[in-house]
Amino acid sequence: MKTMAISEFKAHALKILNEVAKSQETIIITKRGKPLAQVVPHRKSEMKPMPGKLAGAFVFEKDIITPLGEGSWEACQ
């Protein structure tokens, strides 16, 4: 991983961002020798469906009227 002083980054920001995009290399920006920020290349995330990811996240009730009672169910309609 490459490091660079903030003053250098400020002076050549567009050029540096183009290099990061092209090389896909991360750069650490420092201020007085201490890490301040990290410039990382954008990567397209390919979201693939994951079967079973939400398994167990939902509770299915067989009877949705009984927990409320007949009167409350009628009032909610």
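Every number in this text was worked out from the coordinates using simple rules, so none of it is lab data. Every value quoted in this text rests on a predicted model; they were computed, and no experiment measured them. No Cβ is skipped: glycine too gets one built from the backbone with ideal geometry, and neighbour counts run over all protein chains shown.
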Once Met1 and Leu14 are pulled to full extension, the length gained, defined as 0.36 nm per residue separation minus their Cα-Cα distance, is 2.8 nm
Can you pull the semi-axes for segment 1-42, root of five times each eigenvalue of the Cα gyration tensor, sorted largest first, whole Å? 17, 12, 6
Of the listed peptides 26-33, 1-8, what is their order by residue-averaged count of other C-beta atoms within 10 Å, with the highest listed first? 26-33, 1-8
Contact order normalised by residue count of segment 1-42, Cα under 8 Å, 6+ apart, percent: 42 percent
